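Single-structure report; data block below.
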Amino acid sequence: MKKIKKEVAVMFSGGIDSLLAAVLLQKEFDKVHLITFDKGYLEFGLKNNLPNIERLKKTYGEEKFINKIIDIKDILKRVSIKSLLKEYRYYGMEVVWCVACRLSMNAGALIYALENNLEAYADGSNKDQIPSEKNIIGTAENFPKVVQKLKEFASRYYVDFLTPVYDYGGREERRKKLRELGFEIDYLSMDKSKGLKGMMTKDFFFRTQPMCFSGWLIHWKRNLFGIPVKHDEGKTVEYVTKKLENVVKNYIEEYFKKKNIDIRELIEKRKK
């Protein structure tokens, strides 16, 4: 096995958090792989982030970035869809769909890092979106214990899972930094209403990241009536742990077995 590359894959939607993650990580790594995920369910505009990808290349060097669209429909089906009806009453729809989607993206990024011999992968997780009674737009995948669980799982494969913007100032500070660098910011990343009123304007169609309509539907009560989602960090961690150990782990083994690669041997080589 060749030496592990000083390269990183960023789970790249093109929103302010993943965009800033790419900006920060290009300083530390020889190459940044910008991977956008196709989950196949009520998702539109997968190529909306191309203008900012071109801006990254223009600003920091064409050779610094690679961008790819990764199909995660199969892993999402296994993690979420097959068991969604049985599990949503206990865990809540946000967990069994939105957290499951992020978990599937993490699995896809981990596989990509292993397959391409990369040192790490990263996302735009941030503490501004940790759920609380006061933070109505918080989402459960940003719970600290959930992020830590994903880091621990990746480390078992000798891959670093990085969250470079988790503690990077506030949302306005991140927007300001990106504007100074000349990047375009998605309409909904400007803290406009995520409800119907915010959608009833031509500016809504100014997109620099894919549009996840399924996520909007999951949060319809919050979006239409301002009713916060009920979050439970303990249940979310329980769900993530169960899926990592019983679905993602097996999926990774099957994936590499089909390619005639023994995942245990691959891990040992990375360890050395």
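Per-residue answers, yes or no, for (1) open to solvent by 50 Å² or more (accessible area, probe 1.4 Å); (2) at pLDDT below 95; (3) in contact with a Lys or Arg (Cβ under 6 Å, 6 or more places away or on another chain):
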{"position": "26", "(1), (2), (3)": "no, no, yes"}
{"position": "35", "(1), (2), (3)": "no, no, yes"}
{"position": "45", "(1), (2), (3)": "no, yes, yes"}
{"position": "48", "(1), (2), (3)": "no, yes, yes"}
{"position": "80", "(1), (2), (3)": "no, no, no"}
{"position": "90", "(1), (2), (3)": "yes, no, no"}
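Would you confirm whether or not the range 8-23 contains a residue that is surrounded by 22 or more Cβ atoms within 10 Å (Cβ to Cβ) and of a type in the set (Phe, Trp, Tyr)?
yes
Against the definition (under 26 Å from residue 60 (Cα atoms) and in a helix (DSSP H, G or I)), how does residue 177 come out, yes or no? Full working, then the answer.
On the way: under 26 Å from residue 60 (Cα atoms): yes; in a helix (DSSP H, G or I): yes.
For residue 177, the condition - under 26 Å from residue 60 (Cα atoms) and in a helix (DSSP H, G or I) - is met.
Among the residues in the range 41-62, are any free of Cβ contacts under 8 Å to residues at least 40 places away in the same chain, among the basic types (Lys, Arg) and in a helix (DSSP H, G or I)?
Looking through the range 41-62, at least one residue is free of Cβ contacts under 8 Å to residues at least 40 places away in the same chain, among the basic types (Lys, Arg) and in a helix (DSSP H, G or I).
For the range 223-272, how many residues meet the condition of being open to solvent by 30 Å² or more (accessible area, probe 1.4 Å) and farther than 30 Å from residue 118 by Cα?
Residues that pass the stated criteria total 12.
Could you list, ordered by first residue, the pairs with Cβ atoms under 7 Å in which the first is in the range 150-174 and under 17 Å from residue 112 (Cβ atoms) and the second is surrounded by fewer than 19 Cβ atoms within 10 Å (Cβ to Cβ) and among the β-branched types (Val, Ile, Thr), at least 6 apart or interchain?
Final answer for the pair search is 157/267; 158/267.
Residue by residue, here is whether (1) part of a helix (DSSP H, G or I); (2) under 16 Å from the mean Cα position of the chain (by Cα); (3) of a type outside the set (D, E, K, R); (4) closer than 30 Å to residue 272 by Cβ holds:
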| position | (1), (2), (3), (4) |
| --- | --- |
| 102 | yes, yes, no, no |
| 111 | yes, yes, yes, yes |
| 121 | no, yes, yes, yes |
| 134 | no, no, no, no |
| 161 | no, yes, yes, yes |
| 164 | no, yes, yes, yes |
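The values are calculated or read from the model by the stated rules, or taken from the named source; none is laboratory data. Keep in mind it's a predicted model, so treat the numbers as computed, not measured. Neighbour counts are summed over all protein chains in view; Cβ atoms, including those assigned to glycine, are modelled from backbone coordinates with ideal geometry. Keep in mind that these areas ignore ligands, DNA and RNA; they rest on the heavy atoms of the full protein, side chains included. Shrake-Rupley method; radii C 1.70, N 1.55, O 1.52, S 1.80 Å.
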